[in-house]
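The values are calculated or read from the model by the stated rules, or taken from the named source; none is laboratory data. Since this is a predicted model, take the numbers as computed values, not measurements. Please note: Cβ atoms are built from the backbone with ideal geometry, for glycine as well, and neighbour counts cover all protein chains shown.
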Amino acid sequence: MENRNVFDVLKERGFIKQTTHENEIRELLGKEKVTFYIGFDPTADSLHVGHFLQAIAMKHLQMAGHRPVVLIGGGTAMVGDPTGKTDMRKMMTDETINHNANCFKKQLSSFLDFSDDKAIMVNNADWLMDLDYIPFLRSIGRHFSVNRMLGAECFKSRMEKGLSFLEFNYMIMQSYDFLELNKRFGCKMEMGGDDQWSNILGGVDLIRRVEGKEAFGMTFTLLTTSEGKKMGKTEKGALWLDKEKTSPYEFYQYWRNVDDADVRNCLSLLTFLPMDEVEKLASLEGAKINKAKEVLAYEVTTLVHGQEEAKKAQDAARALFENAGDSKSIPSSDYERVVFEDGINILDLMVEVKLIPSKSEGRRLIKQNGVSLQDEKVTDINAMVTLEDFKDDMITIKKGKKSFYRINLK
């Protein structure tokens, strides 16, 4: 592999949105081992696709010899980040935060090497929870201008509904995190999604004022479709990296079904394929673009769930759509025959196997001819699935054009 500056790699692949000092950052990343950090709020027990893009960026940097610090916002989660929110967040318990942090580390270990301090994970509760209020205000609070803070994007959307004093502290605490990591680990750069730009600038400025040192910030492009909508939303909600929340098959299918216009961006940001291969795949047209989508789905699913799960998902998709591959990989459940002797309502069954999130969603789909049983359109929301519907002790329920579920009789 040619020895390229990782800044150029990130730029070419489309990661970099904004930087505090572009030339200095490029030079720094080219000449020394840089410790950098990205913060993760432990508000769920799994990372989602938005975090995945940041994990890939961290991996690029680690492969180039730099050291990632994964900062878990155990302290800041007690307050809630107002960024992109119009309502206050719920407060969380220590137990929940620690559980979520452990889940994050496990998932991030698929991408990052935490051995021998090549990457480290820390929790900002370690320093935020024991702060003394008056000394903190005197040493840190004095460096922040309320006028400038109110002009920040992250607060503007909250001003109409009312911004609590609790949330107003968030920028100061995130800035203080950068200062602490700078002192403890020599951390020189903070990175994050572009919605974190105001908070990152706060930290860069605070280190300059308190330590008299130069620090740097960089934001990544948010993962959006060609129309500017956030990617990673499904009918069931977020696209999670935890296979209990989003199955490897559903995960694979999401990427297999992206719009043609989004293929290049996804291949570039979410895989490690060389850019000449990305360009070649993205230039395919017509039906051939499906080959590129299959590569995308396989590569991304392999990164998150491993090769074996990716292969199973690929086989299942091919079995359904191309009559090739291994049909045993199609999502399925085994049921006792007795369950279907008196019949079970189609909507109840679809909810039970998690093919739909709710019966109301199922009713809507049936009205739009979006549900089939054994390739026959279901037109009645009260339809019952009975033993007579089974062929060779098996039925297939189809939702929309591309979601299938198989039920086998024991």
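Taking helices (runs of 4 or more DSSP H) as the structural unit, no element lying wholly within region 296-410 holds at least 2 residues that are touching a strand residue (DSSP E or B) at 6+ places or on another chain (Cβ under 7 Å) and touching a residue at least 60 places away in the same chain (Cβ under 8 Å). Looking at region 83-153, the helices (runs of 4 or more DSSP H) lying wholly inside it that each contain 2 or more residues that are at pLDDT 90 or above and in contact with a Pro (Cβ under 7 Å, 6 or more places away or on another chain) sit at 94-108. Selection of region 159-181 for residues being in a helix (DSSP H, G or I) and free of Cβ contacts under 8 Å to residues at least 12 places away in the same chain yields Met159, Phe165. When the residues of region 375-410 are filtered to those that are surrounded by 14 or more Cβ atoms within 10 Å (Cβ to Cβ) and polar (S, T, N, Q), the one that is farthest from the chain's Cα centre (by Cα) is Thr396.
In the condition set (1) in contact with a Phe, Trp or Tyr (Cβ under 7 Å, 6 or more places away or on another chain); (2) closer than 30 Å to Ser247 by Cβ, Thr219 is compliant with all but (2). Checked against the criterion of being loosely packed, with under 15 Cβ neighbours inside 10 Å, among the small types (Gly, Ala, Ser) and within 15 Å of Ile356 (Cα to Cα), the candidates Gly237, Gly212, Gly228 yield just one match: Gly237. Taken over region 182-202, the criterion of being over 24 Å from the mean Cα position of the chain (by Cα) and assigned to a helix (DSSP H, G or I) is satisfied by Asn182, Lys183, Arg184, Phe185, Gly202.
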